[in-house]
1. Within the range 33-72, track down each residue that is β-branched (V, I, T) and within 25 Å of L323 (Cβ to Cβ).
2. Answer yes or no as to whether R349 is within 16 Å of the chain's Cα centre (by Cα) and surrounded by 13 or more Cβ atoms within 10 Å (Cβ to Cβ).
3. Can you tell which of V188, V135, V200 is surrounded by 14 or more Cβ atoms within 10 Å (Cβ to Cβ), out of contact with any Cys (no Cβ under 7 Å at 6 or more places or on another chain), modelled with pLDDT of 85 or more and not assigned by TED's automatic domain parsing to the domain that holds H301?
4. For the range 437-473, name all the residues that are over 60 Å from the mean Cα position of the chain (by Cα) and either more than 23 Å from A409 (Cβ to Cβ) or of a type in the set (D, E) (or both).
5. Would you confirm whether any residue within the range 356-379 is within 22 Å of the chain's Cα centre (by Cα), part of a helix (DSSP H, G or I) and modelled with pLDDT of 85 or more?
6. I'd like to know if the range 399-413 contains one or more residues that are free of Cβ contacts under 8 Å to residues at least 24 places away in the same chain, touching a Pro at 6+ places or on another chain (Cβ under 8 Å) and loosely packed, with under 14 Cβ neighbours inside 10 Å.
7. Only one of G96, G111, G51 is at positive phi and in contact (Cβ under 8 Å) with a residue 12 or more places away in the chain; which?
8. Going by the conditions given, is A61 in contact with a Leu (Cβ under 7 Å, 6 or more places away or on another chain) and aliphatic (A, V, I, L, M)?
Amino acid sequence: MAQRKTLSEAQVALLRWIANGCPDGVTEGDSYRISAAALRNRDLVTTSGRGPTWKAEITQAGSDYLKKVDGPNSPVPRQANASVTQQLVDDVIAAGGTLRVPRKHWYEREGIDYEKRAQLAERYGKVPPGRRLVVTEASRDELEIELVDAPDRLSPQAELSPVRVPEKVGRYHSAARQFRDLAQRHEVSRALLPRATRIVHAIAAEADRRGWSASAPTETENAYGYAQWTGTKNGHLRIEAGQHAFWIRLQEEGVHTRDPWEEEVRRYRNVSRDSYFYRDRELPSGAYDADANGRLKLELHSTNDWAHSGRQSRWADRQSWTLEERLPHLFREIEERIVEADYAIEQRRIAAERAEEAARRAAEERERRWHVLMAEAEERLIEAHRAAELRSQAERWSTAQLLRRYCDAMESEFGNQPATGEWIDWARSYILRLDPLDAPPAMPEAPEITTQKLQQFLPAGWSALGPGYVGYR
């Protein structure tokens with residue numbers, strides 16, 4: 001890949017620092033080693049060692065470049081590359097603190113995962129101090145990214161507390177002794193076991209110093225109900241900080257988990273590789289650490305790993321540093337996760353209280369509304385009862401008038417007939433009983449009020465049994 005012809009101002013400053021012998025107190029952290037690696041790739045410097053023994057020296061090409069910079073025809077410094085995470089933060093700030101972006105669905109191959117990008121922006125310190133990015137779902141196809149006040153948390157640029165890994169240990173921490181003695185769980189070679197044990201001891205001791213507790217992880221039940229240990233689910237060291245639990249897995253690149261690997265080797269020791277069933281399968285053989293390369297790596301897990309997506313969870317030996325030098329970063333990460341988890345718990349508590357208060361108010365409002373509806377239903381029930389009685393009286397009166405005219409007609413035509421006279425007499429007495437106007441009309445008595453009768457006059461979704469019930473009309 002072609003190199004850029006000029007350096008940025010930051011790269012020139014780093015090149016001068018190396019030319020001056022890398023004096024102390026000029027650079028902070030160890031990110032400068034990554035930039036130095038970029039200068040090394042351009043043959044401007046050379047680097048050697050790692051960790052405390054890391055050093056860099058300027059090459060002749062590097063000296064020549066500085067001469068050009070200090071000369072009359074100084075090359076124009078190249079504009080530093082703007083990261084996509086920084087650009088996202090800048091866009092949110094420019095939008096007034098809230099920005100809507102397209103949402104990338106899991107089934108889409110193309111597009112930008114803005115949720116992941118926001119997480120990386122926080123991880124790499126692109127977000128202003130005391131602020132954080134919150135990503136929410138605005139719609140099916142949009143996300144809303146908001147810059148809000150963050151809880152009191154350690155800044156990614158905060159000073160790292162040193163964690164000392166002793167060269168010799170008189171008495172190991174109990175968790176380190178268990179790590180060393182549980183050979184079946186080893187994922188480091190026998191050659192690196194002493195170093196790995198010292199690292200576990202240093203982590204456990206530092207955890208105790210911080211008021212946490214460190215112990216060897218216990219086995220957990222698998223899907224079949226049997227106790228089982230795995231590096232991913234249990235790790236090699238468990239740290240409990242209050243209500244938060246973490247586990248750490250320490251491995252060496254190229255090394256298998258000892259017990260399962262050796263069991264597989266025993267199982268297939270006498271299986272012929274020429275067998276028809278196994279001929280296309282790579283059978284395990286040799287020692288579990290036969291392919292060890294001497295580089296240790298460490299993984300951090302917690303019970304809510306999903307909540308820390310995008311945060312750093314792995315550290316390892318690299319050319320510019322050792323795993324021991326990354327332990328301060330490990331503890332800073334644990335502390336930040338604790339702060340974030342406490343903040344999330346507090347937010348959930350506040351949200352639960354608000355939801356409870358909203359539910360209480362809704363219940364009170366529903367009860368108030370229920371009493372109003374029940375009063376209205378009773379009024380409608382009485383009104384319906386009176387209307388029915390009125391219609392009944394009018395129907396009886398109309399019938400009585402018709403029957404009277406009929407009796408008059410019978411009497412006019414057949415009044416001299418004894419049988420007809422008897423029928424007419426009974427009919428007239430019946431008409432007197434039927435006619436509601438045989439006495440002064442009055443307001444009818446109130447009907448019997450029952451829940452069943454009231455239910456007919458309540459809106460859908462309400463029950464006469466109480467405000468907590470759902471009724472149907």
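The values are calculated or read from the model by the stated rules, or taken from the named source; none is laboratory data. This structure is a prediction, so every number in the text was calculated from the model and none was measured. Quick reminder, even Gly has a Cβ in these numbers, built from the backbone with ideal geometry, and neighbours come from all protein chains shown.
1. Hits for the range 33-72 are I34, V45, T46, T47, T53.
2. no
3. After applying the criteria, what remains is V135.
4. D438, A439, P440, P441, A442, M443, P444, E445, A446 - these are the residues of the range 437-473 that are over 60 Å from the mean Cα position of the chain (by Cα) and either more than 23 Å from A409 (Cβ to Cβ) or of a type in the set (D, E) (or both).
5. Checked the range 356-379: at least one residue is within 22 Å of the chain's Cα centre (by Cα), part of a helix (DSSP H, G or I) and modelled with pLDDT of 85 or more.
6. So far as the range 399-413 goes, no, none of its residues is free of Cβ contacts under 8 Å to residues at least 24 places away in the same chain, touching a Pro at 6+ places or on another chain (Cβ under 8 Å) and loosely packed, with under 14 Cβ neighbours inside 10 Å.
7. Only one candidate passes the filter, namely G51.
8. Yes.
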